[in-house]
Amino acid sequence: MDYIDPHLHMVSRTTDDYETLARMGCVAISEPAFWAGFDRGSVESFRDYFRQLTEFEPKRAAQYGITHYTWLCINAKEAENITLSREVIAMIPEFLGAKNVLGIGEIGLNKNTRNEATIFLEHLDLAVQYNQQILIHTPHLEDKYQGTRMILDMLIGDSRLDRSRVLVDHVEEHTIEHVLENGFWAGMTLYPVSKCTPQRAADMIERFGPERLMANSAGDWGPSKPTAIPDLIMELKKRGHSKELIRKIVFENPKQFFSQSKPFVHG
Amino acid sequence: MNTKQDILDPIVERTAHQVIADEFLIARAKILELAATLDRIERSSGDVEDSIPMNLLAQGMHILCDEEVDKAKRVQLLMSRQYDPQWQHTMSITRKGV
């Protein structure tokens, strides 16, 4: 089955992974800008990273028939550095015309601090100013519930935002309802330990329905599985779900959401 | 556009008997992992009985055995930091005209 992985950090993965993804049915991915595993020292590091995301990575993906899209920001972890964050935010518009940029992301919170919230709000201003879609990271583990509620407060408090153009990612059992009931899209991240298993993702699909809901692997440089979406497809098949429902979650929903950005062309 | 009812085929409404038949071995393996972890802690030196992690595990296991629904969500909330609806005021976050 063809599928789209809406959240996959391919800069951290090998070319062999692209081949495996292609063999398993992946036809497109979107890659949000994120933390490299260490704090970068200057805005020039981000400029090079954004060149990698907009120039090099699409070519690498295309070798395997995979269309590569991306999102730009300074991630929540490095947002603790307000000065650097503002320099990066001021530089981002240089890249918003690139043909694979879908919007601003993955912005969000990490430890739910004042600095993180300040930079999150400044990213919202940037997205509004340039009419960009938004992809949001919610924190991990014990910080997730508090951070997700804080993020929703900031989003709901901004009347300029079109909620149908905002994806709140990494939802789990205790946050999914808040995201969906407020009109946002929700992403479930299939991680081996710290987020959600294919079985629990299938449970959430059954409980909340398939509208405005998608799944991703968020594969990166840490313990993660870039081919996690086929695991979810298998779990849904085992439970007897229809091809239509599975395709809606892994292909039609990401396509519908991304289609609100001009660069998205996947048919 | 399909509604939730349209797209969720009735075939997937498994009975409780089907679910336990499908998933007993998986649940058995997981409860054994938990039991072995507790044994490992017991065999190790030192005392963590009153520690925060042990307390959270004990409360989580209580949720598994009680009569209430939404166990996964309740375990998640148990392991979560509290949300303060007044956080923007506490952190002096102000926005104008949005």
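Return the value, in Å² to the nearest 100, of accessible area buried between chains A and B (probe 1.4 Å, both sides summed).
The contact between B and A buries close to 3000 Å².
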Report summary line: Contact-by-burial set, segment A:232-251, min loss 20 Å², accessible area of protein heavy atoms with 1.4 Å probe, reference chain alone, gives A:239, A:240, A:241, A:242, A:245, A:248
Query raised in the report: For chain B, which DSSP H helices look membrane-span-like by this rule: Cα extent along the axis of 18 Å or more and mean Kyte-Doolittle of at least 1.0?
Result: B:52-65
Report summary line: The value for segment A:12-61 (convex hull of the alpha-carbon atoms, volume per residue, Å³) is 80
Report summary line: Taking a straight Cα-to-Cα line shorter than 18 Å from residue A:99, and setting aside same-chain aspartates and glutamates fewer than 8 residues away, one finds A:31, A:48, A:55, A:57
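First check a/c for segment A:118-238, with a ≥ b ≥ c the square roots of the eigenvalues of its C-alpha gyration tensor; if it is under 1.5, answer rounded, and if not, answer prolate when a/b is larger than b/c or oblate otherwise. Could you put the intermediate results ahead of the total?
Numbers: a/c = 1.91, a/b = 1.67, b/c = 1.15.
Cα axes put segment A:118-238 in the prolate bin.
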Query raised in the report: Which of the listed residues, A:124, A:91, A:37, is farthest toward the dipole's positive end in segment A:32-132, when Lys, Arg count +1 and Asp, Glu count -1 at the beta-carbon?
Result: A:37
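Can you send over the carbon and sulfur percentage of the accessible area for chain B, probe radius 1.4 Å, protein chains only? Please report the intermediate quantities before stating the final value.
Working: 4580 of 7970 Å².
Accessible surface attributable to carbon and sulfur in chain B totals 57 percent.
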Query raised in the report: To the nearest µm²/s, what D does Stokes-Einstein give for chain A at 37 °C and 0.692 mPa s, using the Kirkwood radius over alpha carbon pairs as Rh?
Result: 180
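How crowded by other chains is B:14-25, given as the mean number of beta carbons from other chains within 10 Å of each beta carbon?
On the way: counts 3, 0, 0, 0, 2, 1, 0, 0, 2, 1, 0, 0.
Mean inter-chain Cβ contacts per residue within 10 Å come to 1.
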**Report entry** Given 11 as the ceiling on other Cβ atoms within 10 Å, longest exposed-site-free region of chain A for trypsin sites (Lys or Arg not before Pro) in DSSP loops
**Finding:** A:161-267
**Report entry** Global form of segment A:179-267, assessed from the alpha-carbon gyration tensor, a/c cut-off 1.5
**Finding:** rounded
Query - Across A:144/B:71; A:59/A:111; A:77/A:225; A:195/A:248; A:243/B:73; A:59/A:262, pairs whose alpha-carbon gap is larger than 24 Å - result: A:59/A:111; A:243/B:73
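The values are calculated or read from the model by the stated rules, or taken from the named source; none is laboratory data. As the structure is a prediction and not an experimental result, all values here were calculated from the model. Cβ coordinates were reconstructed from backbone atoms using ideal geometry, including for glycine residues, and neighbour counts include every protein chain displayed. These accessible areas exclude ligands, DNA and RNA; they are computed on the full protein's heavy atoms, side chains included. Shrake-Rupley method; radii C 1.70, N 1.55, O 1.52, S 1.80 Å.
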